[in-house]
Every structure is written in structure tokens, then in C-alpha cells.
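*Asks:* Structure provided below as C-alpha cells; questions to follow.
The values are calculated or read from the model by the stated rules, or taken from the named source; none is laboratory data. The structure presented is a predicted model; accordingly, all values stated were derived computationally and were not measured. Cβ coordinates were reconstructed from backbone atoms using ideal geometry, including for glycine residues, and neighbour counts include every protein chain displayed. All accessible areas refer to the heavy atoms of the entire protein, side chains included, with ligands and DNA or RNA removed. Shrake-Rupley method; radii C 1.70, N 1.55, O 1.52, S 1.80 Å.
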Amino acid sequence: MPYFVFGDFNFRLDSKQVIESLCSTATMQTVRAADTNEVDKLIFRESDNDRKVVLQLEKKLFNYVNQDVFRENNGTSLLEYDKELSVFKDRLHELDISFPPSYPYSEDSSQGKQYMNTRCPAWCDRILLSASARDLVLKPENEEKSVVYDNIGPNVCMGDHKPVFLSFRITAGAGKPNANKHKCCVVQ
């Protein structure tokens, strides 16, 4: 039986690998709390020039100097660090992601494209499909342009998450003989 699972899965990127990639030429400074000696923050500075801060990490703070890296080519260069779904690779599938990370967007209505500096942007909001659902969505008779997996409101403030959707056409009675009518489906 085909099925879809969708929503906010709170998937995160592999933080260690993202930081290593974003700060490959930076030096790290560790700041510890005076009373407990626990790590309070990590500061990554350029190794050359004026030792400008590239990234500052604290509890509930991910302040990276160049947020464009999460928007350029829809952030797809960072998809290699998106690994949490791999645990389910034999049971759940996903269409190719071609939209920017869906979280954490600014909730300021004048900054619809701006990420908050609270966490590393990630594709938290997803639509996953069983193998049989994926086969129905990607049937050869579906025109390539009729299957769309994207986010809603890329330039508009919609809260800290950008909702995602999957739109496709499917033949009525797909998988049964004499199916000849089309229905349009949108999963949000």
C-alpha cells in the first residue's frame, strides 16, 4: 500500500562536518565558563587578514558570517551533510531536494529570506514516500514538470519553518487496468 509521511522531522545536518567545511581555514577559540569550566562558546576566526570572526557557536546560537552559503544553489552543496534519513533508506524515499533549508527562518515579517542565528539551517521539513508511493509519483506517464517538490513562500515570512509540498499527477485507479483519468494531488 503506498503511503506518505510528512512534517517537521527536526532533521539536522551533521554539525561537525558542516563546521569543518565552513571553517576549514579558520582557527578555533574555546571559551569556558569561569565557574564550571564547561565550554561556553566556540569562536572560529580567519587565520589571516584581521582574524575576523567567521562563526560563533553557543547554546542556541549559530552565527555564521555568510548566510548566502545556505541560499546559493538552494544550499544543495550542504546536502552531503544531511544524513539522518539514511537510517530509513530501505523503507522511506524522498525526491531530490532542490529548495533551501526549511529552518530556522527569521520570524520578522520584513525578512522572509533571512535565517535566524539560533541553529545551523537544515531541511527539517520533509515529505517521505514508501517505495510504492514513489513508483506511482515517478511513473513514466507523469510528465517531468508535473512533479514538484519545493517549499512554499520562499520570499515571505511564514514563521521559523518554510512549509514544503509535493505536487504530482496520478492516474485514477493507478495500478489497475483501464485507468484513464487524471487527478492532481498536493501533499503539504
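*Asks:* List every residue pair whose Cβ atoms lie under 7 Å apart, where the two residues are 6 or more positions apart in sequence or sit on different chains, the first residue falls within the stretch 105-121 and is over 10 Å from residue 67 (Cα atoms), and the second residue, located anywhere, is acidic (Asp, Glu) and crowded, with 18+ Cβ neighbours inside 10 Å.
*Replies:* Cβ pairs passing all conditions: none.
*Asks:* Do you know which residues across the stretch 71-85 are touching a strand residue (DSSP E or B) at 6+ places or on another chain (Cβ under 8 Å) and crowded, with 17+ Cβ neighbours inside 10 Å?
*Replies:* Scanning the stretch 71-85 gives a single hit, 82.
*Asks:* Now a separate question. Return the pair list, or none, for Cβ contacts closer than 9 Å from residues in the stretch 73-84 that are under 11 Å from residue 11 (Cβ atoms) to residues that are at pLDDT below 95 and among the β-branched types (Val, Ile, Thr), at least 6 apart or on different chains.
*Replies:* none
Every residue, every condition in (1) over 24 Å from residue 3 (Cα atoms); (2) of a type in the set (A, V, I, L, M); (3) open to solvent by less than 20 Å² (accessible area, probe 1.4 Å), yes or no:
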| site | (1), (2), (3) |
| --- | --- |
| 68 | yes, no, no |
| 89 | no, no, no |
| 106 | yes, no, yes |
| 133 | no, yes, yes |
| 140 | no, no, no |
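*Asks:* Additional query: On the given criteria, is residue 113 out of contact with any Phe, Trp or Tyr (no Cβ under 7 Å at 6 or more places or on another chain) and in a strand (DSSP E or B)? Don't jump to the end; show me each part of the working.
*Replies:* Working: out of contact with any Phe, Trp or Tyr (no Cβ under 7 Å at 6 or more places or on another chain): yes; in a strand (DSSP E or B): no.
Taking the combined requirement at face value, the residue does not satisfy it.
*Asks:* While we're here: Determine, yes or no, whether residue 56 is part of a strand (DSSP E or B) and either more than 11 Å from the chain's Cα centre (by Cα) or among the charged types (D, E, K, R) (or both).
*Replies:* yes
*Asks:* In the stretch 76-90, what count of residues is obtained for those that are at pLDDT below 95 and either in contact with a Pro (Cβ under 9 Å, 6 or more places away or on another chain) or not in a helix (DSSP H, G or I) (or both)?
*Replies:* Matching residues across the stretch 76-90 total 3.
*Asks:* Kindly list the number of the only condition in (1) outside any loop (DSSP other than H, G, I, E, B); (2) of a type in the set (Phe, Trp, Tyr); (3) open to solvent by less than 80 Å² (accessible area, probe 1.4 Å) that fails for residue 6.
*Replies:* Just one mismatch for residue 6, condition (3).
*Asks:* When you look at residue 113, is it open to solvent by 80 Å² or more (accessible area, probe 1.4 Å), at pLDDT below 95 and farther than 18 Å from residue 1 by Cβ, yes or no? Talk me through it step by step, then tell me what you get.
*Replies:* Numbers: open to solvent by 80 Å² or more (accessible area, probe 1.4 Å): yes; at pLDDT below 95: yes; farther than 18 Å from residue 1 by Cβ: yes.
Against the criterion (open to solvent by 80 Å² or more (accessible area, probe 1.4 Å), at pLDDT below 95 and farther than 18 Å from residue 1 by Cβ), residue 113 qualifies.
*Asks:* Considering 145, 139, 52, which residue is modelled with pLDDT under 95 and under 25 Å from residue 16 (Cα atoms)?
*Replies:* Details: 145 fails: under 25 Å from residue 16 (Cα atoms); 139 fails: under 25 Å from residue 16 (Cα atoms).
Exactly one of 145, 139, 52 is modelled with pLDDT under 95 and under 25 Å from residue 16 (Cα atoms), namely 52.
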